[in-house]
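First up is the structure itself, then whatever we jot down about it.
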Amino acid sequence: MKVSKVLLFFLFVLKFSFGFSQSGVNLFLKPSDSLNKLRLKGVVISETALASVALVGLNQLWYADYPQSNFHFINDNDEWLQMDKAGHVFSSYHLGSFGAQTLKWSGCDRKSQLLYGAGLGFGFLTVVEVFDGFSTEWGASPGDIVANATGTALYVSQELLWKEQRIVPKFSFHTSSYASLRPNVLGASLSEQVFKDYNGQTYWLSANLQSFFKQSKIPKWLSVALGYGADGMVTGRSETVVDFSYPATKRRRQFYLSLDADLTKIKTNSHFLKTFFAVFNSIKIPAPAIEFSGSQRVKLHGFYF
C-alpha cells in the first residue's frame, strides 16, 4: 500500500511547516518581494534534509525487511479500485504546492516556483517508485508515476491558466468495518487506518465558486466538492479474497457531491493565519453530502467526512 508512505511523508511535511510558522513572527512569514538568498538557502537545505531523512527512514522502516531484486515494473492499476492512485495525485499536488509556496516565500520568480518548487512532489515520489522497483515485494508502478505527474500538472496548469488555484484536491476519512477483518494491512489503530484503510478514505476535487464567477456575490470561501471513495475492499483485488479466507464483500465505487470551504480565501492580514489556512486547506471540511454508488443508489449524508 504505497500510498500510505506518501501520505505519511506529506503529513510530516505539513506538521513541519506549521510548527515552523508557529515559531516565527508575522513579519518573518511574509513572502519576500525580491529574491532573498538567505531564505532560499534555508529552503533548499531544509527541503533536502527533510527529503533525505524521509527516504532514509522509509528505506529502513519499510524496505529493509524485504529482499531486494533487479529493478522491475508491476501493473497494479486494478488494485483497490484505484484509490491508491487518487492518493498519489493528492500527495503530488500538495507536495508541489508546498515547494512552490516556499520558493515564493524566499522571493523566487514565478518560473522558478513552477519549475523547481511544483516539481518537488513528482521528484520525491519518483524516488519512492525507484525504491519500489528494487523491492521483490513490490515494483515500480507506471500507474503511480502517471498519477504523480497528474497531481503536479494539476497545480502547474492552474497557475499557468488562471494564476491561482481554483480546484484543490482534498482528503477526508471515516472509520470502516473492514479494518477489523484484516488489521495488519488495513490498520489496527485509528492512526494506522487513516493511512491504510482505503474503505474510509475519500479524495475530493474542491472547486472555489467565486474564482469562476468573479462578478458574483458568492462568498469568496465557498466551494463545491466532488468526491471519490470505495467500499468493500479487504484485499487489493477481489479475486484474492478467497486466497486469504476472508468473507466475500461487495466492492463498489462511491461518488460524492458536497459543499466545502476554501480556507485560503478567508481575508486576514496575519501571515501566521495565512500559513495555517494554507496548511489545512488540504482537508475537506465535514458537511452534508450526496452519495452516488452502484446500482444507481443515492444516499444523503447529513454530516460526511
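Summary table below
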{"item": "Residue match in segment 287-298 (condition: surrounded by fewer than 16 Cβ atoms within 10 Å (Cβ to Cβ), among the aliphatic types (A, V, I, L, M), out of contact with any Leu (no Cβ under 6 Å at 6 or more places or on another chain) and more than 25 Å from Q210 (Cβ to Cβ))", "result": "yes"}
{"item": "Residue selected from segment 19-52 under the condition surrounded by 13 or more Cβ atoms within 10 Å (Cβ to Cβ) and among the polar types (S, T, N, Q), by the criterion modelled with the highest pLDDT", "result": "N36"}
{"item": "Count of residues meeting criterion [in a helix (DSSP H, G or I), among the polar types (S, T, N, Q) and in contact with a Pro (Cβ under 9 Å, 6 or more places away or on another chain)] in segment 188-203", "result": "1"}
{"item": "So V185, is it assigned to a helix (DSSP H, G or I) and β-branched (V, I, T)", "result": "yes"}
{"item": "Residue in segment 71-90 that is touching a Ser or Thr at 6+ places or on another chain (Cβ under 7 Å) and of a type in the set (G, A, S) present", "result": "no"}
{"item": "Conditions (1) in contact (Cβ under 8 Å) with a residue 24 or more places away in the chain; (2) farther than 23 Å from F280 by Cα; number of the one not met by S112", "result": "(1)"}
{"item": "Residue in segment 225-246 that is assigned to a strand (DSSP E or B) and surrounded by fewer than 19 Cβ atoms within 10 Å (Cβ to Cβ) present", "result": "yes"}
{"item": "Pairs, first within 18 Å of V168 (Cα to Cα) and open to solvent by 50 Å² or more (accessible area, probe 1.4 Å) in segment 262-274, second in a helix (DSSP H, G or I) and of a type outside the set (G, A, S), C-beta under 7 Å, six or more apart", "result": "T264/F277; I266/F277"}
{"item": "Residue among S206, S177, S216 that is crowded, with 18+ Cβ neighbours inside 10 Å, small (G, A, S) and either assigned to a loop (DSSP other than H, G, I, E, B) or in contact with a Lys or Arg (Cβ under 9 Å, 6 or more places away or on another chain) (or both)", "result": "S206"}
{"item": "Filtered residue count, segment 169-190, keeping only those that are small (G, A, S) and closer than 21 Å to L95 by Cα", "result": "1"}
{"item": "Number of the exception - K196 against (1) in contact (Cβ under 8 Å) with a residue 60 or more places away in the chain; (2) open to solvent by less than 40 Å² (accessible area, probe 1.4 Å)", "result": "(2)"}
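The values are calculated or read from the model by the stated rules, or taken from the named source; none is laboratory data. If you're wondering where the values come from, they're calculated on a predicted model, not measured in any experiment. Here the Cβ is made from the backbone with ideal geometry for all residues, glycine too, and neighbour counts use every protein chain on show. In case anyone asks, the SASA skips ligands and DNA or RNA and just uses the protein heavy atoms, side chains included. Shrake-Rupley method; radii C 1.70, N 1.55, O 1.52, S 1.80 Å.
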